[in-house]
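Working notes for the structure below.
Quick note: the coordinates plus some simple rules give every number you see, no bench work behind them. All of these numbers come straight from a predicted model, not from anything done at the bench. No Cβ is skipped: glycine too gets one built from the backbone with ideal geometry, and neighbour counts run over all protein chains shown.
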Amino acid sequence: MTGLSSFRCVACGMSFALAETRLACSSCGGLLDVVSNLRAFGRTGAAWRDLFDRRRAASPSEATRPFETSGVWRFREHVLPDLPEDGIVSKPEGATRLYAGGALGEELSLSRLFVKHEGENPTLSFKDRGMTVGVSWARASGFKTVACASTGDTSAALAAYAAEVPGMRAVVLLPQGKITDEQLGQALASGATTLGLDTDFDGCMRLVAELTAARPVFLLNSKNPVRIEGQKTIAWEAIQDLGWRVPDWIVVPVGNAGNLSAIGKGLREWLDLGVIGKKPRLAGIQASAADPFFQSYRRGFTERVTCVAGDTAASAIRIGAPVSHPKAEREIRFFEGVVESVTEAELLDAFALANRHGLAICPNSAVALAGAAKLRQAGVIREADLVVVVATAHALKFSGTMSAYHRGGGRLANPPRLLPATLDAILAALGEP
Ligand code: F0G
């Protein structure tokens, strides 16, 4: 079915055709949502759940096209119904594991903790869920160049998805010296035109907006409402993984605030369609070095705080002016959400703790985990609450932080020991059996 979707301004409500490939309202400059008439399919909530379960259970050997095993396109009618199936660029992505917290949960007094590990996506972050939609739509709209500003994960995903499309160029604007070597290597390896700029992420964001205004270049930051339609599927998939139980809490790290916005939007759509019957609560967590959204929340959202983002091990969320603030605020209000901020020590210890328990999650993901622990300690989250923490990227994109933590004096540090190459030295190091 096509013709189901259009853009609507979140501030003034003005509508625009999806084909206009807009990024902002021409009347008031507000952010845009994709709004789709999903009721036109005429299915009940139960019928949708059945359809998605059948697709999830299908064997990969039955799939004739990559997107049929994608955890994004499993929900394709609800993602971007106007995109023809033969236009989908998929690796495939999504279908990440939902890990039971086990001993990690016990240590944090969260007996029903789950971690949705988005680091298991093809480029090792949740951004792939957005890029499969964004790059597909860019191609369908006739764009030959796609671009983004990035703290390292969006650029890796953009580069990798653009590389799937013959003749498509990816241009990535990166804050020089503020992303990891692994992330930089990903953009280079996929052949993106990679520009390191002497500014921070917010500076790159302003410049990429100017670039896309000056040239026919499709912007694929989360400001692009089409891209984040794919990210709605993180929470949808987690709920399906839980056998359609809706968690009490979904906890998300917040940088530019696109992901929290996408997750909230998707949940509202499923409530409306009757796919789910209960609202979870949302928690958005920031690192204290870059927590403008938290500062706004603390002021009851009476003002939109921005800041110069400071240095943090959670470098992917080192953002001082979250572009999607208005959308994220809307979701926090609707889902009776909370916003919290965690210190470097808290996030680094959570990073080490999760990895100690075998969950290879990144420092940005650890911000969410540390936030969940903090909200638990404060009694906001209760011991028996069903909690899904969204881990947004893989630990090994941030291996420098991991080895620095263990070589340094962190609470859970496990430093390597350098020894002479003799059995005696090894036995002495091991101590008594
Ligand atoms: N976690 C990771 C690993 C990220 O890379 C990002 C954002 C976030 C969380 C926050 O998501 O911005 O939607 O609130 N990374 C962007 C990038 C900014 O360029 O890779 P958000």
Column: log10 I(q)/I(0), Debye, Cα scatterers of the stretch 199-311, q = 0.09, 0.24 Å⁻¹: -0.32, -1.30
Highest-first arrangement of 256-265, 280-289, where packing means the average Cβ count within 10 Å: 256-265, 280-289
Percent of C-alpha pairs per 5 Å bin, the stretch 286-433, short to long: 2, 9, 15, 18, 17, 13, 9, 6, 4, 2, 2, 2, 1, 0
Unsatisfied cross-links (Cα-Cα over 29 Å) in the set 265/374; 144/279; 279/327; 374/397; 116/278: 144/279
Principal-axis tilt of helix 258-273 within the chain, Cα atoms, nearest 10 degrees: 60
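Counting pairs of Cα atoms in the chain, how many percent are more than 31 Å apart?
Of the Cα pairs, 37 percent sit more than 31 Å apart.
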Inverse of mean 1/r across different Cα pairs in the stretch 87-148, Kirkwood, Å: 13.7
Extension gain from residue 106 to residue 20, taking 0.36 nm per residue of separation minus the Cα-Cα distance: 25.9 nm
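Relative contact order for the stretch 217-330: what is it in percent, counting Cα pairs under 8 Å that are at least 6 residues apart?
Details: 166 pairs, mean separation 32.1, N = 114.
28 percent.
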Filtered trypsin sites (Lys or Arg not before Pro), the stretch 3-75: DSSP coil and at most 16 other beta carbons within 10 Å: 22
Electrostatic dipole magnitude of the chain [Cβ: Lys, Arg +1; Asp, Glu -1; Cα centre; debye, to 20]: 880
144, 178, 278, 327 arranged by Cβ crowding within 10 Å, fewest neighbours leading: 278, 144, 178, 327
Angle between the chain longest axis and helix 127-140 axis [Cα atoms, degrees, rounded to 10]: 30
Amide H contacts under 5 Å for residue 361, placed H, 5+ residues apart: 355, 395
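Rounded, prolate or oblate: pick one for the stretch 277-327, where a ≥ b ≥ c are the square roots of the eigenvalues of its C-alpha gyration tensor, a/c under 1.5 means rounded, and failing that, prolate if a/b is larger than b/c, else oblate. Spell out each step's value before the answer.
Values: a/c = 2.25, a/b = 1.45, b/c = 1.55.
Verdict is oblate for the stretch 277-327.
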Sorted by Cβ density within 10 Å, fewest first, the residues 399, 15, 5, 365: 15, 399, 5, 365
Charge dipole of the stretch 1-74 about the Cα centre (unit charges at C-beta), most positive-ward option of 12, 73, 31: 73
Whole-Hz ³J(HN,Hα) from phi, Karplus 6.51 cos²θ - 1.76 cosθ + 1.60, for the stretch 16-31, glycine and proline x: 9, 6, 4, 5, 6, 6, 8, 10, 8, 6, 6, 8, 10, x, x, 5
Mean Cα-pair separation over length for the stretch 19-178, i.e. relative contact order, pairs under 8 Å, 6 or more apart, %: 16
Convex hull of Cα atoms in the stretch 226-370, direction-averaged projection (nm²): 8.6
Cα gyration tensor shape of the stretch 145-184, rounded if a/c is under 1.5, else prolate or oblate by comparing a/b with b/c: prolate
Length-normalised contact order of the stretch 340-433 in % [C-alpha pairs under 8 Å, at least 6 apart]: 27
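Give me the dipole magnitude in Debye, nearest 20, for the stretch 134-216 about the Cα centre, with unit charges on the beta carbon: positive for Lys and Arg, negative for Asp and Glu.
Working: 6 positive and 8 negative charges, 87 e Å.
Here the stretch 134-216 has a charge dipole of around 420 debye.
So what's the net charge close to residue 40: Lys and Arg +1, Asp and Glu -1, counting the other residues with Cβ under 15 Å from its Cβ?
Numbers: positive: 39, 43, 76; negative: 77, 82, 269, 272.
Here the count lands on -1.
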Share, in percent, of DSSP beta bridges within the chain that are antiparallel, nearest 5: 30
Taking only Cα atoms of the stretch 359-431, radius of gyration then Dmax in Å: 17.8, 54
Order of 205, 14, 402 - criterion: other Cβ atoms within 10 Å of each residue's Cβ, fewest first: 14, 402, 205
